[in-house]
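S.K.: Next up is a structure, given as structure tokens.
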Amino acid sequence: MGVQFIGMIQPHEVSETFARKGAAVDPDYVRVFAQAHEHAGFDRILVPAHGTSPDNLLTVTYAALATRKIPFLLAHRPGLTAPTVAARQLATLDQYLSGRIAVHYITGGSDEDQQRDGDFLSHDERYARTDEYLTVLRRVWTEEAPFDHEGAHYRIKGAWSEVKPLQKPYVPIYFGGASAPALQVAGKHADVYALWGESLAQAGDLVRRVRAEAAQHGRSIEFSISFRPILGATEEQAWAKAERILEDTRRLRSEQGYARGGAQQSEGARRLLSDAAHGDRVDERLWTAIARETGGRSNTTALVGTPEQVADALLKYYDLGITTFLIRGFDPLPDAIQYGRELLPLVRAKVAERERLAAAQPLLKAA
């Protein structure tokens, strides 16, 4: 199966440990950040989105033009654009970028953030709309004749697009969300299901549940998981670095007037906090302190240790069937460079050796 690594860039330099300086859009930083990921050997770059961020479709376009070959993962929120319009936009982008695009559909775990853009549907209603949205989107991408659609959220007559995705049958669909309605949508539509950085027990359970949902539709599905690796030359140095990150996060949140915790609405946030309830260190390497401190916001769990130790921790998730790792650091640009130098080659070598041994087993038994 191999293994893939996804990085993440933002339109300006910011982290849990330091505040943004300067404008909301920093073209020079975006260019250097994207090029650093390509040089480091990442397989894809995520560009996230939320209700106050610069337009990430334009950020993807700019970053793609600043790089040579690396593909991108565009975060996209269903419901804020008509699915027919989005289908044409994404197919056009896929053509211009020579197939260097996939899309991560984020239904929205926060009422507050959705309402910034005028979306007042409830959590479950949003997932029902996403189901319908993706159904229409895929039909626009794949059908060769105009079609009508009459649903709970969209009424469309004569939908068709003269531009189709370069990738076939359509632009790859990444999807996240851990609630029961989310898993139903994932099983029906997702090519890759994305988890936040949960414990091995929780991640393994979620993988099994998503596979069962996909099986009901006769589909198979791949998995991605997100971590914030914290590396050190020794284990002691890595944990000391983690403690400094926690101190900086607390200081910055205090300066910005944020109360500790304040859990997000999403099921994903609840699951991160469920792991954090077992302590700051879970499964030996999983560090949950930042997730606890921020109320489970975003992918805030880390794997802490030497590159060798973190690589071995990632392989335990690989053994669960998770073949893609979305990793980013608390000091985003330098960490991306360090990952490319110290972590990515090590994990790839370990996975290749694991697969070589697995392929040799039938031959050894036959002998």
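S.K.: Quick one: what do you get for the stretch 65-175 if you divide its Cα Rg by 2.2 N^0.38 Å?
M.R.: Computed over Cα atoms of the stretch 65-175, the ratio equals 1.10.
S.K.: Report the calculated FRET efficiency for VAL85 and HIS217 (r = Cβ-Cβ distance, R0 = 45 Å), to the nearest 0.05.
M.R.: 0.95
S.K.: What translational D, rounded to a whole number of µm²/s, comes out for the stretch 189-297 from Stokes-Einstein when the hydrodynamic radius is the Kirkwood one over Cα pairs, at 37 °C and 0.692 mPa s?
M.R.: For these conditions, the coefficient is 212 µm²/s.
S.K.: Given a 10 angstrom Cα cut-off, can you work out which residue in ARG328, ARG44, ARG270 is the most mobile in a GNM of the chain?
M.R.: Greatest mean-square fluctuation among the candidates belongs to ARG270.
S.K.: Pull out the extension gain between GLU112 and ALA24, defined as 0.36 nm times the separation in residues minus the alpha carbon to alpha carbon distance; nm, one decimal.
M.R.: Contour length minus the Cα-Cα distance gives 29.6 nm.
S.K.: Applying a 10 Å radius around every beta-carbon, put 219-226, 243-250 in order of their mean neighbour count, most first.
M.R.: Averaged packing, sorted descending, gives the order 219-226, 243-250.
S.K.: Let me know the shape class of the stretch 94-233, please: from the alpha-carbon gyration tensor, a ≥ b ≥ c as square roots of the eigenvalues, rounded when a/c is under 1.5, otherwise prolate if a/b is greater than b/c, or oblate.
M.R.: Here the stretch 94-233 falls in the prolate category.
S.K.: Please give the per residue accessible area of the chain, computed with a probe of 1.4 Å over protein heavy atoms only, in Å².
M.R.: Value for the chain: 45 Å² per residue.
S.K.: Run the numbers on the chain and let me know its relative contact order in percent, using alpha-carbon pairs under 8 Å that are six or more apart.
M.R.: 19 percent
S.K.: First compute the accessible area of the chain with a 1.4 Å probe, then give the percent of it belonging to carbon and sulfur atoms.
M.R.: Carbon with sulfur: 52 percent of the solvent-accessible area.
S.K.: Also, I was wondering about something else. Let me see the pair-distance distribution of the stretch 26-109: every alpha carbon pair, 10 Å bin width, integer percents in order.
M.R.: The percentages, shortest bin first, are 17, 52, 27, 4.
S.K.: Which value in Å does the Kirkwood hydrodynamic radius of the stretch 142-199 take, with 1/r averaged over all unlike C-alpha pairs and then inverted?
M.R.: 14.0 Å
S.K.: With viscosity set to 0.890 mPa s and temperature to 25 °C, compute the Stokes-Einstein D of the stretch 175-214, Rh being the Kirkwood radius across alpha carbon pairs; µm²/s, no decimals.
M.R.: Estimated diffusion coefficient is 247 µm²/s.
S.K.: Please report, for the Cα atoms of the chain, the Rg to one decimal and the Dmax as a whole number; what are they, in angstrom?
M.R.: Computed over the Cα atoms of the chain, radius of gyration and Dmax are 20.5, 67 Å.
S.K.: Also, quick follow-up: Using per-residue counts of other Cβ atoms within 10 Å, averaged over each peptide, order 153-159, 185-191, 79-85 from highest down.
M.R.: Put in order of decreasing packing, that is 185-191, 79-85, 153-159.
S.K.: Turning to a different aspect of this structure: Between LEU65 and GLU308, what is the label-point separation in nm under the 7 Å Cα-to-beta-carbon projection?
M.R.: Distance between label points: 4.7 nm.
S.K.: With Cβ to Cβ distances under 10 Å as the rule, what net charge do the other residues near ILE6 carry (K, R +1; D, E -1)?
M.R.: On the way: positive: ARG44, ARG328; negative: ASP43.
In short, +1.
The values are calculated or read from the model by the stated rules, or taken from the named source; none is laboratory data. Small disclaimer: the values here were computed from a predicted structure and weren't measured. Because the Cβ atoms are built from the backbone with ideal geometry, glycine has one as well, and the counts that use them run over all protein chains shown. Surface areas here come from the heavy atoms of the whole protein model, side chains and all, with no ligands, DNA or RNA. Shrake-Rupley method; radii C 1.70, N 1.55, O 1.52, S 1.80 Å.
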